[in-house]
Amino acid sequence: MSLTLSTQLYAEPSTIQYIHNNFEVSDCIIVSPDAGGAKRAASIADRLGIDFALFHKERKKANEVSRMVLVGNVTGKVAILVDDMADTCGTLILAAKHLSEAGAARIVGIVTHGILSGNALQAITESSLEKLVVTNTIPQHQNAASCDKIEVIDIGIVLGEVIRRSHYGESISMLFTEVPF
């Protein structure tokens, strides 16, 4: 199973359920921190019936962002940054800073794979992110204990259902749109 397929299978329904359970959905806007995640953000926003925004990154050279331009209006909204993974969190934190400057009421990050290497936890703590929600595709016990802003979504039930359905020859396609609770 490819990373994109597994990310969609495990994370999108769980992300949508998390947003429904923790926010007034009509107050939210889904934000992609880069153009590469626009399809993901649009899919989540469409399923929630809300708007999405994205950042366009301009680079002077490889791996060096010179400017981020927000496309969309986040004023007074709960801006939910969604991404497939967060390693050093540089892009997420820069995006959060720009969202704060653009008038977002609250800023939350939701990522599927929280690698969180280097100074990521310190950067998250010092950032304008209210919290960073990650799935447990990578163990997060130490990260959550070290940073009050880390919250974990358990995808174990989804993985268990994939195994069960595969074992019994059942379709897993419904798991792309629903959490099996």
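The values are calculated or read from the model by the stated rules, or taken from the named source; none is laboratory data. The shown structure was predicted, so the numbers you read here are calculated from the model rather than taken from an experiment. Neighbour counts run over all protein chains shown; Cβ positions are idealised from the backbone, glycine included. Quick note on the areas: whole protein, heavy atoms, side chains included, nothing else; ligands and nucleic acids left out. Shrake-Rupley method; radii C 1.70, N 1.55, O 1.52, S 1.80 Å.
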Glu151 vs (1) open to solvent by 20 Å² or more (accessible area, probe 1.4 Å); (2) touching a Lys or Arg at 6+ places or on another chain (Cβ under 9 Å); (3) assigned to a loop (DSSP other than H, G, I, E, B): all pass except (3)
Residue count, segment 106-129, condition surrounded by 15 or more Cβ atoms within 10 Å (Cβ to Cβ) and part of a loop (DSSP other than H, G, I, E, B), comes to 5
Out of (1) at pLDDT 95 or above; (2) surrounded by fewer than 22 Cβ atoms within 10 Å (Cβ to Cβ), the one Val65 does not meet is (1)
Would you confirm whether any residue within segment 154-163 is open to solvent by 20 Å² or more (accessible area, probe 1.4 Å), on the phi < 0 side of the Ramachandran plot and under 17 Å from the mean Cα position of the chain (by Cα)? yes
Are any of the residues in segment 42-60 assigned to a strand (DSSP E or B), within 30 Å of Val158 (Cα to Cα), of a type in the set (A, V, I, L, M) and open to solvent by less than 40 Å² (accessible area, probe 1.4 Å)?
-> yes
The one condition Leu94 fails out of (1) under 25 Å from Phe23 (Cα atoms); (2) open to solvent by less than 40 Å² (accessible area, probe 1.4 Å) is (2)
Just to be sure before I move on: is Thr135 surrounded by fewer than 16 Cβ atoms within 10 Å (Cβ to Cβ) and polar (S, T, N, Q) in the structure I sent? no
